[in-house]
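Novice: First, the structure itself, so that you have it in front of you.
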Number of protein chains: 2
Amino acid sequence: MPVYSAPLRDFRFLLEDVLQYDKYANLPGFADAPLDVATQILDEAAKFTAGTLLPLNGIGDKQGCTWTPEGVKTPPGFKGAYKQMVESGYVSFSSDPTYGGQGLPAVLNVAVNEMVSATNMAFGMYPGLTHGAYSAIHEAGTPEQKEMYLPKLTSGEWAGTMNLTEPHCGTDLGLLRTKAVPQADGSYKITGQKIWISGGDQDLTDNIIHLVLARIEGAPAGVKGISLFIVPKFMVNADGSLGARNTATCVGLEHKMGIHGNATCVMSYEDATGYLIGKENEGLKVMFVMMNEARLGVGLQGLAMSEIAYQNAVDFAKQRLQGRSLTGPKNADGPADPVIVHPDVRRMLMDAKAFNEGARAFLLWTALYGDLSHKHPDDALRQKANDYMGLMTPVLKAYLTGEGFRHISDSLQVHGGSGFTEHYPASQFMRDARITLIYEGTNGVQALDLVGRKLAANGGRAIFAFFNEMDEWIGANTGDAELQPFVDALATAKAQLQDGTMWLMQNGMSNFDNAGAASHDYLQLFGVTALTYMWAIMAKTALAKKGDADPYYATKLVTGRYFITRMAPEGAMHLTKLKTGADAVMALAAEAF
Amino acid sequence: MPVYSAPLRDFRFLLEDVLQYDKYANLPGFADAPLDVATQILDEAAKFTAGTLLPLNGIGDKQGCTWTPEGVKTPPGFKGAYKQMVESGYVSFSSDPTYGGQGLPAVLNVAVNEMVSATNMAFGMYPGLTHGAYSAIHEAGTPEQKEMYLPKLTSGEWAGTMNLTEPHCGTDLGLLRTKAVPQADGSYKITGQKIWISGGDQDLTDNIIHLVLARIEGAPAGVKGISLFIVPKFMVNADGSLGARNTATCVGLEHKMGIHGNATCVMSYEDATGYLIGKENEGLKVMFVMMNEARLGVGLQGLAMSEIAYQNAVDFAKQRLQGRSLTGPKNADGPADPVIVHPDVRRMLMDAKAFNEGARAFLLWTALYGDLSHKHPDDALRQKANDYMGLMTPVLKAYLTGEGFRHISDSLQVHGGSGFTEHYPASQFMRDARITLIYEGTNGVQALDLVGRKLAANGGRAIFAFFNEMDEWIGANTGDAELQPFVDALATAKAQLQDGTMWLMQNGMSNFDNAGAASHDYLQLFGVTALTYMWAIMAKTALAKKGDADPYYATKLVTGRYFITRMAPEGAMHLTKLKTGADAVMALAAEAF
C-alpha cells in the first residue's frame, strides 16, 4: 500500500497564517467552520481518506471496473467506501444548504478533495463529477428540476455525469451529432453515442443523472445549436421515487493506461428521455459551469498525485541503501547510505516538494477567491475574485497537471528499477495522472483559453489586477534582508510575465498563430510567476514566525529558497521561447511532417 | 497497428553527406559495404522491421511473456520473427568475422537497431543483450571460451544476458552477495538471486549464456571483490553440443509498466556451474564492456521510441478533424481542420522532429567514432575517437532517453483522449520507453559518470577536444549569411557548456555535492550543445545542396532553424540552474522531507 500523510500542517499554515481564514468568519459557511472546527474537519477527512480510500487504490488499479449486461461493477470495496463517504458528509460538503448541503467554504473543500484525489484519484472522480452536475443544475435548472435532482445529488445518493465527447468530436463540440427530438409533454428524445463518460455507469448509487449535450432537431449547425439535457438513468417519479429504466446505457468500457478504478463508459442514448436545462441552444454556457469547476478539480488532481508520488519517493529514498554520499558516509554503520543523500535524488525530491507546496498555496488562494466571488459583500472584491477565477482556472488546470506529471515521473525515477515494476505504486501514480493533462480540455486548450479569452476579457482587467497586486506586494515588502531574495524573485517573474503579456498584445492580435505558438510557454511562465508569488507570501509569513519553536517555518523557508533559486529560472526560458512567435513553429508545411 | 516509416532518407543524408561515410571505404567492414550496398542493407532492414517486428509490437504488449515450470514463453510470433532475424543476419551484423560475424560498421548497425527498437523495443532487447554478452566474451574470454561461445552468440542461435542486480543492490554493486565457490576442475559453483534479468529465460534460442557477477569465497568486500562468470543455461559439451540443464533458473517474471514482450526474470542460481571470465576480482571491468555498449543501445531506444511516437502523432494530427485554424480554415470543404493546423500541436510535433533528427545525427556521429576507435590506422584519431566514446556515452544514454520520453509524452498528448486509451499505440510507447531512463544505470548515474569520471579523465582531454572541434567549426564557417544563425547558436551553446564546465572544475572538486547537484543540468546542457552542433553541421550540408530538387534539404533547414530558435534556449536555463550548486539542493535535512 502506498504511504500517505495528509498535508494537514500545510493546510493549517495556509488557512491560518497565509490566507488569514478567520478574517472571513462573518461570511456564510465560514461562520459554521471557524479555524478550530475547520482543522477538526480536515483531521477527520485525513483519517477517512487514509483509512478507507488509500487501501482501495491499488485494488482499483489491478481489478478495474467490469462491464456486465446488468451494469458496470466498480472494484471490490468501492461501494462500501462510497457509502461511508456519503455518510461522512464529504459529498454535500460545500453544497447549498437549501438542498441539504452543508454550505462549507470551497477553500476547505479543496483541501478535503486533495486528500481524496491523492489517496484514490479514480474513486474521487465519482463524487467529483456529481458535484459538477449539481452545479450545472443549481445554476440553470428550473425550480422543479432543482427540487427533483439537487437533494439527491447533494447527498450523494445519486451521481452525475458530463456527456460531451462523441467519437468524432472532442474539443470541437460544434461537430456534435447527438440529437434531441421535442415531445408533446415538453421532454425530448435523445439519441446518440457519447464516449469517455467517466462514471457513465457504476454500482455506487441508486440513480445517475447524465447531463448530455445534444442538438435539437432543426437547431443551427455548430456551437450555436447545442443544448444541454438532463437524462436520468432511472426515470424519477413526481414523489421522488425511481421509475422505469431510461434508454441511456453503458455499452462498453474504455481500456485505459490508468484510472482503472473509474468506469470510463461508451454511452448509448436511444430515444432516451431527457429534459432541457437552461435555454435552447445555450447548452455550452451551462456546460461551462460544470467544466470550469471540473478544470479546477483536475488541477487539484495534478497536485494531489504529485504529492502522494513525492511522499512515496521520499519513503523509498530514506529506506533504500545504495552507495555512499559524495561527502562521506552518512550511515556509516550500515552497508550503504540511503539514496536520499545523493544530490541528484535530492534535486528531484526538492523540485517536487517546492512545486507541491507552491501549488497547494495557489489552489487554496484561488479557492478562497471562489468563496469571495459568491459570498463577499464588497462588489469590487467580488468582481476581482470573479476575474481571478476566470484567469487562474486554465493556469491551475494546465500548470498543475503538466508540472505535476513531471514530478510524478521524477518520483518514479527516484525508485530506480523498482519504479518501473508494479510492486510499487509509482507506476500507477504515473499512469493515473497522465489523463489529467488531457481531460476537461487538453492543456493546449487551456493555454489557448488563457491567451485567447481570459487575458483579453474586460480589457485585461484580471491580469492587470494581478500585476497591481504583485507590484503592491513588492513595494510593501522591500527592505527586509531575509525576505529580499523573494521580493527580487517576484519582481523578476512579474516583469517577465508582463513582458510576455505585452508581447502577446502586440503580436497575438495581428497574427493569431503568434498567440497560439506562444500560448504554452506563456501559461508556463504564468505558472512559475504565480508560484513565485505564493512562495513570496509564504516566506513572509514564515519569517514572521521566526522565533517559533515549530521547525515547520524554517523548513518552509528552505523550500521556498529552493524554489526561487532552482525553479524560478524556468520563467526566463519560457519568455525567450514565447517571444520567438509563430515563424519557427509554423514554417513547415503539413505535408513535410 | 502503429504506423512507421523508417528514416531511410535521414540515414542516407547522414551517412553520405554529413559523415561522408565513403571517406572510410578503406577501413575493414566499410570496404564490404560501400554507400550503395549500405543503402540496400538499410532498405532491407526497413522492410524486415516494418513487416515482421511492427505487427508483433501490440501483441507483445497485450499478451506479454508467460512463466511456466518448463520455461518462459515469449508472446505469439516472437519465435518466428527471431528466427527470421537470425537468418537475415541482423544479429551477426557487426560481429567479428573470425567467429562468423559480418564485421559491418557499427554506424550501420546503429541505423538497423534504431528501426528494430522503434518497431518493437521489447523484442529488440533479446538480440541486444546477446551482443553485449558477445562483446564481453570477445574482450575478456580465453581462446577456448571464445571458441565455445562466440560463434553461437554471433549467429544468434544462443542468447546472452547480463546479471548484475540483486534485490538489495542495483547501482551499488559493491553490496552484491551472489557467491562463487571454486571447484577442483577450475569451474565455480554459483549461488544467489538476481533480479530484473532481461531475457533471463525465453523460448527463442537453444541456449542462454548468462554473464553473472558474483563474489568468490574469501574475496575482498565491496567492488574490489567482484568477478564475472559465464553460466550457461545448458552445459556445453566439448564438441559444442548441449549437455545437462544447469541450475540457473527463472523463478518468476516481473510485472512491469511496459516492455511486456520482454521477459524480465527473477533468476535463481543454486550451485550453478560457472566459468570465470577475465581475472578474479576484476569482474566489473569486463562488465563495463557490456554496460557501455548497453548504454549506447538504451540511448538509441530513447530516440527510436521518440521517432515512432512522433510518427504516430503526425498520423493522428493529419487525420483528426477538430476545430479551425486560428488564421482561417485550411480544410474548408471538411467539417473541421486537421489538428496539425493548431500552433500548439505543431509546437509539440516540431519539438519531437527537431530532437529526433538531431539525436539521430548525434548517435550516428558517435557510432562512427566507435568504428574509428577500433579500425582507423591513425593513433591520434583512434585516441580521440576513444575519448569521445567515453564522453558521449552517458550523454547519449541520459539525454536521448530523458528528452525522448518528453517527446513521447507530448506525442501522446497530440492524440487528446485517444492517447490515454489502449486503442492507440501512444500509451504503449510511453509505458515501454519509461524504463530507458532507468536501466543500465539511471540517468542520474549517467550524469554523475559524466561529471565525476568522464570530464576529468586524462586531464579533461576529451571535453577539450570537443571544445576545440566546435571552435574550429565556428571559425571555419563564420561569414555565410544563411549559415550564420547556426554558427551563432553553436557559439552560444559552446560558450555555455564551457562556462558550466569551468564552474564544475572550480566548484565540484572543493565540494563533491556541487558536482552532484549540478550533474543533471550539466548533462542536459551538454545534450543541447551536442544537438546544436549536429544541427549546425547538418545545416551546412543542407545549404550546400540548396539547388537540389529534393525538398528534403529545405525541410531539414526549417527543422534546424526550429531547433536553434525554440530548443537551444534551454541551454541557458540549465547553465543558470547548475551554477546554483549544492546549497539550495542540500539545505534541507533528510528528516525534514
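Novice: For the range B:8-138, what does the relative contact order come out to in percent, with C-alpha contacts under 8 Å and a separation of six or more?
Specialist: RCO, the range B:8-138: 24 percent.
Novice: I've got another one for you. Can you tell me the 0 to 90 degree angle between the C-alpha axis of helix B:78-87 and the longest principal axis of chain B, rounded to 10?
Specialist: Relative to chain B, helix B:78-87 is tipped by roughly 90 degrees.
Novice: For chains A and B, what's the summed buried accessible area, probe 1.4 Å, to the nearest 100 square angstrom?
Specialist: 7600 Å²
Novice: What is the distance in Å between the Cα centroid of the range A:464-516 and that of the range A:269-328?
Specialist: Between the Cα centres of the range A:464-516 and the range A:269-328 lies a distance of 28 Å.
Novice: Ignoring ligands, DNA and RNA, what percent of the accessible area of the range A:8-138 is carbon or sulfur (1.4 Å)? If you can, show how the numbers build up before the last one.
Specialist: Numbers: 2530 of 4760 Å².
That fraction is 53 percent.
Novice: If you find the alpha carbon centre of the range A:449-463 and of the range B:37-69, how far apart are they in angstrom?
Specialist: The range A:449-463 and the range B:37-69 have Cα centres separated by 51 Å.
Novice: Under 15 Å from a point placed 7 Å out from the Cα of residue A:142 along the Cα-to-Cβ direction: which residues of the range A:197-222 have their backbone N that close?
Specialist: No residues fall inside that zone.
Novice: At a probe size of 1.4 Å, how large is the accessible area of residue B:388, to the nearest 10 Å²?
Specialist: Here the residue's solvent-accessible area equals roughly 0 Å².
Novice: Using a 7 Å offset from the Cα along the Cα-to-Cβ direction at both residue B:382 and residue A:16, what is the distance between the two label points in nm, to one decimal?
Specialist: With each label placed 7 Å out from Cα toward Cβ, I get 7.3 nm.
Novice: Also, quick follow-up: What is the Rg over Rh value, at two decimals, for the range A:331-377, using alpha-carbon atoms and the Kirkwood definition of Rh? Please report the intermediate quantities before stating the final value.
Specialist: Working: Rg = 19.5 Å, Rh = 13.7 Å.
For the range A:331-377, the value is 1.42.
Novice: Roughly what % antiparallel, to the nearest 5, for the DSSP beta bridges in the range A:155-220?
Specialist: Among the beta bridges of the range A:155-220, antiparallel pairing accounts for roughly 40 percent.
Novice: Tell me, which longest segment in chain B has none of the trypsin sites (Lys or Arg not before Pro) that fall in DSSP loops with at most 12 further Cβ atoms within 10 Å?
Specialist: Result for the longest clean stretch: B:1-278.
Novice: Given Cα pairs under 8 Å that are at least 6 residues apart, what percent is the relative contact order of chain B?
Specialist: 12 percent
Novice: What is the distance, in nm, between label points placed 7 Å from the Cα along the Cα-to-Cβ direction at residue B:591 and at residue A:67?
Specialist: With each label placed 7 Å out from Cα toward Cβ, I get 5.5 nm.
Novice: Here's another thing I want to ask about it. With n ≥ 4 as the cut-off for DSSP H runs, can you work out [θ] at 222 nm for the protein assembly as shown, using -39500 (n - 2.57) per run divided by the number of residues, rounded to the nearest 500?
Specialist: Details: 38 runs with 623 residues, N = 1186.
Mean residue ellipticity, 222 nm, calculated: -17500 deg cm²/dmol.
Novice: With a cap of 10 neighbouring Cβ atoms within 10 Å, and only residues DSSP puts in a loop, list the GluC sites (Glu not before Pro) found in the range A:59-120.
Specialist: Values: sites: A:70, A:87, A:114; in loops: A:70.
Within the range A:59-120, the qualifying GluC sites (Glu not before Pro) (loop, at most 10 other Cβ atoms within 10 Å) are A:70.
Novice: Additional query: Which angle from 0 to 90°, rounded to the nearest 10, does the C-alpha axis of helix A:121-140 make with the longest principal axis of chain A?
Specialist: Computed tilt is about 60 degrees.
Novice: Tell me the per residue accessible area of chain B using a 1.4 Å probe; a whole number in Å² is fine.
Specialist: 34 Å²
Novice: With the cut-off at 27 Å, tell me which of the pairs A:285/A:494; B:384/B:579; B:23/B:546; B:540/B:579 have Cα atoms farther apart than that.
Specialist: As for pairs spanning more than 27 Å Cα to Cα, those are A:285/A:494; B:384/B:579; B:540/B:579.
Novice: What FRET efficiency do you get for residue B:79 and residue A:181 if R0 is 56 Å and r is their Cβ-Cβ distance, rounded to the nearest 0.05?
Specialist: 0.50
Novice: Another question about this same structure. Distance cut-off 20 Å, Cα to Cα: go down the list A:397/B:256; A:189/A:279; A:179/A:279 and report the pairs above it.
Specialist: A:397/B:256
Novice: Roughly how tilted is helix A:143-155, in degrees to the nearest 10 and between 0 and 90, from the longest Cα axis of chain A?
Specialist: The angle comes out at about 50 degrees.
Novice: Given an 8 Å cut-off on Cα distances and at least 6 residues of separation, report the relative contact order of the range A:442-585 as a percent. List each step's numbers first, then the result.
Specialist: On the way: 147 pairs, mean separation 44.6, N = 144.
Worked out over the range A:442-585, it gives 31 percent.
Novice: Would you mind pulling out the separation of the Cα centroids of the range B:130-203 and the range B:330-397, in Å?
Specialist: With the range B:130-203 and the range B:330-397 each reduced to a Cα centre, they are spaced 32 Å.
Novice: While we're looking at this one, here's another question. For the protein assembly as shown, what class follows from the C-alpha gyration tensor (a ≥ b ≥ c being the square roots of its eigenvalues): rounded when a/c is under 1.5, otherwise prolate if a/b is larger than b/c, else oblate? Display every interim value, and only then the final one.
Specialist: On the way: a/c = 1.58, a/b = 1.53, b/c = 1.03.
Verdict is prolate for the protein assembly as shown.
Novice: Mean 1/r over all different Cα pairs, inverted: what Kirkwood radius does chain B give, in Å?
Specialist: 25.0 Å
Novice: Something else now. Sorted from shortest, what are the nm distances separating the label point of residue A:479 from equivalent points in the other copies, each placed 7 Å from Cα along Cα to C-beta?
Specialist: The answer, with the shortest distance listed first, is 6.1 nm.
The values are calculated or read from the model by the stated rules, or taken from the named source; none is laboratory data. None of the values given here were measured: they were computed from a predicted structure. FYI the Cβ positions are ideal-geometry reconstructions off the backbone, even for glycines, and counts take in every protein chain you see. Note: accessible area is taken over every heavy atom of the protein model, side chains too, but ligands, DNA and RNA are not part of it. Shrake-Rupley method; radii C 1.70, N 1.55, O 1.52, S 1.80 Å.
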